[in-house]
Each structure stands twice: as structure tokens, then as C-alpha cells.
Amino acid sequence: MAETKKYSGSRTQDFIPVKEIRDGIVVLEDGSLRAILLASAINIALKSPDEQQAVIMQFQGFLNSIEFPVEIAVQSRRYDIKPYLLTLERRIEQQEEELLRLQTREYIEFIKWFNDSVNVMSKKFYVVVPYTGSAFSKAPDQNIFQQLFLGSKKKNFQEESAKFEEQRSQLEQRVAIVKGGLSRFGVRSEQLNTEQAIEVFYNMFNPGESHRNIPQLGQ
């Protein structure tokens, strides 16, 4: 019977410095925290020169007002029209008028042709807010009697949870400052929850697959 060889190469997780995502907060391997905000976009080209200048000045004032670094990231993906086409296909089945069914089929073919001819891209804008506190400490090596009678593991878990809550409170204050600053020049933002944050990392490290949807602002 042939022996099964175990893969000894690097795993994908080895290249991702994320320890866990807890309550929408990304915990890195060094113990620092990150909050991810999904932000709306402004088409500044459609604004008047005075409005453009006002937005730029507000953005400059926002950057000068914060005392911590932030990261602005843009994630671009080819727009997935499959859900929209499926919706149109269902409407064809529900249509009773032959003319409307024919027009809907022609519209579907036009959408397919247009999507193949032009790279229709969807963009999502994120603002990453960091907080770097002291790393979560690990429990020191203890003998069997300490583990049985002193409850060291439970105590260490409680201390780690308390430290996380303290650091999360500091991070949430920064998030509130960033959201308030963005709103001054018309940019709406919402913090991603745990599931949505996981989707961001999934889409980032699986660019060849269909873009898994993250709800738009206000949904």
C-alpha cells in the first residue's frame, strides 16, 4: 500500500497575520486591533469647483484632526451580473404577454453583450482604523497542581477578555472620530461585523472566484 505523503509547504494562513476576528474586530498576531469601515463614495467630478474645493478642504481637515494613522483601501472586482440575470429570467417565466417576454430576452442578451464588451467594475471603499495596545499575554508554564487547584487557565482567559474589552473601547472611540470626520464631507460609513470582515479577507485572497457580496450601506 502506497504511503500518503503529507504536504509540508506553507499554508495560506501563514501569510495572513490575523489571529481571529471577534465581534467585528480583527485581532492580529501581535495583539493589535483593527476595525474595518465600509465607506460610501463621492463623485467629485460632478460637483462645482467651489463644492470640489470644499470637499478637499474638509478631507484635509479630517486628516489633520486625527492623532492616529488610518488606512484607506479600495477593492475592485469585475461586476457579477449573474444574480441580476437570474432575476430577469424569473420575470420571463412570470410574464403573460409574449411581447414582454421577447423584450426581456432581448434585454438579457444586450446586458450579456455589454458586460462582455466593457469591463464593468464594482468598487468598495474601506477605512481601516488601528489600535495598538499591549499584546495579549500568554499564561506561564505551570505544574499540574497549579493547573488543578489555582484555576490559572480560567484566570488567564478572564484577564485576556478584560484586556480585549479595554482595547476595544479605545478602538471604538477612534472609530467614532473617523465616522464623524467622514460625515462632515458627505461620506457615510458603517463598521463591518464579523461575517462581513471575513468576506473582505475571503475576496482579497480569492480574486479568481465570484465576488461574495458585502451589503451596501443602509441595507
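The values are calculated or read from the model by the stated rules, or taken from the named source; none is laboratory data. Every value quoted in this text rests on a predicted model; they were computed, and no experiment measured them. Every residue, glycine among them, receives a Cβ derived from its backbone with ideal geometry; neighbour counts consider all protein chains shown.
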Margin query: I need every pair where a residue in the stretch 105-124 that is without any contact (Cβ under 8 Å) to a residue 40 or more places away in the chain has its Cβ under 7 Å from the Cβ of a residue that is aliphatic (A, V, I, L, M) and not in a helix (DSSP H, G or I), sequence separation at least 6 or different chains.
Written below: 111/81; 115/81
Margin query: Looking at the stretch 13-43 only, could you name the residues that are surrounded by 13 or more Cβ atoms within 10 Å (Cβ to Cβ) and over 18 Å from the mean Cα position of the chain (by Cα)?
Written below: 31, 42
Next item on the list: Kindly indicate whether residue 156 is modelled with pLDDT under 80 and either outside any helix (DSSP H, G or I) or within 17 Å of the chain's Cα centre (by Cα) (or both).
Entry: no
Note to self: I'm told residue 136 meets every condition in (1) modelled with pLDDT of 85 or more; (2) under 31 Å from the mean Cα position of the chain (by Cα) except one. Can you identify the failing condition by its number?
What the structure shows: (1)
Checklist line | Of all residues making up the stretch 44-75, the number that are surrounded by fewer than 11 Cβ atoms within 10 Å (Cβ to Cβ), touching a residue at least 24 places away in the same chain (Cβ under 8 Å) and not β-branched (Val, Ile, Thr) | finding: 1
Next item on the list: Identify, by number, the condition in (1) part of a loop (DSSP other than H, G, I, E, B); (2) at pLDDT 90 or above that residue 3 doesn't meet.
Entry: (2)
Note to self: Given the criterion of a type outside the set (Phe, Trp, Tyr), surrounded by 14 or more Cβ atoms within 10 Å (Cβ to Cβ) and more than 22 Å from the chain's Cα centre (by Cα), identify the matching residue among 108, 81.
What the structure shows: 108
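A quick yes/no check of all residues on (1) in the same structural domain as residue 201 (by TED's automatic domain parsing); (2) among the aliphatic types (A, V, I, L, M); (3) exposed (fewer than 10 other Cβ atoms within 10 Å of the Cβ):
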position	(1), (2), (3)
85	no, yes, no
97	no, no, yes
101	no, no, no
112	no, no, no
129	yes, yes, no
132	yes, no, no
